[in-house]
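Below is one structure, written out as structure tokens; the observations come after it.
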Amino acid sequence: MPVTTLNGKSVHVNEEGFLTEYDEWDESLAAVLAEQIGIQLTDAHWKVIRFLREDFKAQGETATTRRVQQVGGVPVKEQFALFPKKPGKKMSYVAGLPKPHGCV
Amino acid sequence: MTTTDTTPAEQVAPIVPSFGDDETDRKLAIICSKGNLDMAYPGLILGNAALGEGIETHLFFTFWGFDMIMKSRMHDLQFSPAGNAAMHLPGSDRHMPQALAPAMTGMATKMLKKQIADLGVPEVPDFLDQIVAAGGHLWACRLSADMMKIAEEDLRDDVEAIISAADFIEKTEGAQLLFI
């Protein structure tokens, strides 16, 4: 696994650049990750990111866009506005989690 | 300030996933021609997945596929084991006797709906809501509508129009196409 330094901190990432260690992520890192994919974080983004982090801790897997809507309370349409084109992958990247595995 | 530990002597840019925003002229068109519950899902799942990848997606409903978008029918799609040689008795590899299959539509539908719900997959109308929310386009087939005497008001409000085959071909120029 490659190791990258982000925000002055060493983090493990996979070959695509997604963080692989849950505990290496922190909130200051999220802004750096978001910036790398052209996203400025707002409160609305944070609602999604915090849900993803909590849900991953409880479920052991990354929530899909469907789950972010049904359980996290952020409608799919809003997810597409916040994380354009590929919300499932982009929000998990910023939250320091693996890509969702679920189909729906 | 960004460096990488693997090559400490050099400044190396961090690995950033390529989300490929710039290359998305990819387009997908899915023709949904079936009204059986089990055959409604492949198009919905693939369409939804394509939208999540930033791909422009069109669903075109024709013939029995109209049951997926008719307000009066979309909540009540059914699954029948009849004629399905791959239908097995629950939890086994034994084939379901086809003589029994026609009488089992109600039970089979109920079981399939439960299995789908257990996976967190939405019911058909709800799934179409999600597809539209994600930017998907729904179209209905002119010939089927005329033949079955179905009008626009019979369809979900988010069906954009009833269009001819030629209109569909025009709208989906350059698209990859799936017939289900």
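Assorted remarks:
Yes/no matrix, rows are residues, columns are (1) farther than 30 Å from residue A:89 by Cβ; (2) within 14 Å of chain A (Cβ to nearest Cβ); (3) among the hydrophobic types (A, V, I, L, M, F, W, C); (4) open to solvent by 30 Å² or more (accessible area, probe 1.4 Å):
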{"residue": "B:71", "(1), (2), (3), (4)": "yes, no, no, yes"}
{"residue": "B:75", "(1), (2), (3), (4)": "yes, no, no, yes"}
{"residue": "B:79", "(1), (2), (3), (4)": "yes, no, yes, no"}
{"residue": "B:86", "(1), (2), (3), (4)": "yes, no, yes, yes"}
{"residue": "B:102", "(1), (2), (3), (4)": "yes, no, no, yes"}
{"residue": "B:118", "(1), (2), (3), (4)": "no, yes, no, yes"}
{"residue": "B:131", "(1), (2), (3), (4)": "no, yes, yes, no"}
{"residue": "B:145", "(1), (2), (3), (4)": "yes, no, yes, no"}
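- At least 1 residues being in contact with a His (Cβ under 8 Å, 6 or more places away or on another chain) is the threshold, and among the helices (runs of 4 or more DSSP H) wholly inside the stretch B:108-180 those reaching it are B:124-133, B:165-171.
- Taking the stretch A:29-41 as the range and being away from chain B (no Cβ under 11 Å) and without any contact (Cβ under 8 Å) to a residue 12 or more places away in the chain as the test, the residues that pass are A:31, A:40.
- Filtering the stretch B:53-106 to residues that are at pLDDT 95 or above and part of a helix (DSSP H, G or I) leaves B:63, B:64, B:65, B:66, B:67, B:68.
- Hits in the stretch B:47-69 - residues which are open to solvent by less than 10 Å² (accessible area, probe 1.4 Å) and β-branched (Val, Ile, Thr): B:57, B:69
- Against the conditions (1) within 13 Å of chain B (Cβ to nearest Cβ); (2) in contact with an Asp or Glu (Cβ under 9 Å, 6 or more places away or on another chain); (3) of a type in the set (Val, Ile, Thr), residue A:65 satisfies every one except (2).
- Applying the criterion of being within 17 Å of the chain's Cα centre (by Cα) and of a type outside the set (A, V, I, L, M) to the residues of the stretch B:147-161, the residue that is least open to solvent (accessible area, probe 1.4 Å) is B:156.
- Every residue from the stretch A:63-95 that is open to solvent by 10 Å² or more (accessible area, probe 1.4 Å) and assigned to a loop (DSSP other than H, G, I, E, B): A:64, A:71, A:72, A:73, A:75, A:84, A:85, A:86
- Near pairs, Cβ below 9 angstrom, 6+ apart or cross-chain, from the stretch A:14-26 (over 16 Å from residue A:89 (Cβ atoms)) to any residue that is part of a helix (DSSP H, G or I) and open to solvent by 30 Å² or more (accessible area, probe 1.4 Å): A:22/A:56; A:22/A:57
- Residue within the stretch B:162-172 that is loosely packed, with under 12 Cβ neighbours inside 10 Å, within 14 Å of chain A (Cβ to nearest Cβ) and at pLDDT below 95 present: no
- All positions within the stretch A:29-62 that are among the polar types (S, T, N, Q), open to solvent by 40 Å² or more (accessible area, probe 1.4 Å) and under 30 Å from residue B:13 (Cα atoms): A:36, A:40, A:42
- Whichever residue in the stretch A:2-28 is acidic (Asp, Glu) and either under 15 Å from the mean Cα position of the chain (by Cα) or away from every other protein chain (no Cβ under 11 Å) (or both) and, among such residues, is surrounded by the most Cβ atoms within 10 Å (Cβ to Cβ): A:24
The values are calculated or read from the model by the stated rules, or taken from the named source; none is laboratory data. All values reported here derive from a predicted model rather than from experimental measurement. Every residue, glycine among them, receives a Cβ derived from its backbone with ideal geometry; neighbour counts consider all protein chains shown. In case anyone asks, the SASA skips ligands and DNA or RNA and just uses the protein heavy atoms, side chains included. Shrake-Rupley method; radii C 1.70, N 1.55, O 1.52, S 1.80 Å.
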